[in-house]
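Before any comments, here is the structure.
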Amino acid sequence: MNSQSYYNPNVTLPTVLCCVCGLPINPNSANMCVPCLRSKIDISEEIPRQSYINFCRGCQRYNIPPSHWVTAELESPQLLAILLKRVKGLSKVRLVDASFVWTEPHSKRIKVKLIIEKAVFSSTVLQHSFVVEFVVMPSFCEDCHQGAAKDHWNAVVQLRQKSSRSHYKH
Ligand SMILES: [Zn+2]
Ligand SMILES: [Zn+2]
């Protein structure tokens, strides 16, 4: 075994001063301490803070694109999994935690707090927490849409029957 592997890098590496606040640190290519890095670099900048999810008004199911619809309770792990799939840019970071932030049930908004981590300058891992808001978009799934179309067609037929005073039964 190479004897160098016993060296503690914290001891052997020369320290430099953070170029922003002057704190002694182990050198990194930015020569900035972690708090200063965190204030300069937003590791979540590629993740949109707002998204949406389609919700069927007929059968109360949530849409998983393109055409899958599932039932999920508010604040359930299932709903969290569905929502996280809709957050773009999450694959480029490490998701540490995700949890619901309470919202008024009638607000048609669902808020999820995310904590993510990302390595910057190869050795420094930054962590960031933020909230993504999902707008619940009322819509109809394919099944309910067909049902609604049939109801509409029936209503048109009944209207015609009434206006022509016909006793025709369909
Ligand atoms: Zn600093
Ligand atoms: Zn439906």
- [ ] Could you work out the local net charge near Gln50, counting Lys and Arg as +1, Asp and Glu as -1, over the other residues with Cβ closer than 15 Å to its Cβ?
- [x] +4
Open item on the list: Modelling each spin label as a point 7 Å along the Cα-to-Cβ direction, I'd like the Val135/Glu117 distance in nm, to one decimal.
Closed with: 3.5 nm
TODO: Starting from the range 61-148, pick out the chymotrypsin sites (Phe, Trp or Tyr not before Pro) whose DSSP state is loop and whose Cβ has at most 11 other Cβ atoms within 10 Å.
DONE: Trp102
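Gain in length, Val16 to Leu80, computed as 0.36 nm per residue apart minus the alpha-carbon separation, to one decimal in nm?
That works out to 18.7 nm of additional length.
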Task: In nm, spacing of pseudo-spin labels at Leu95 and Glu73 (7 Å Cα→C-beta vector) - done: 2.0 nm
Open item on the list: What distance in nm lies between label points placed 7 Å from Cα along the C-beta direction at Val125 and Glu104?
Closed with: 4.0 nm
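Since every read-out is calculated from the coordinates, none of them should be taken as a lab result. Because the structure is a prediction, the values reported are computed rather than measured. Every residue, glycine among them, receives a Cβ derived from its backbone with ideal geometry; neighbour counts consider all protein chains shown.
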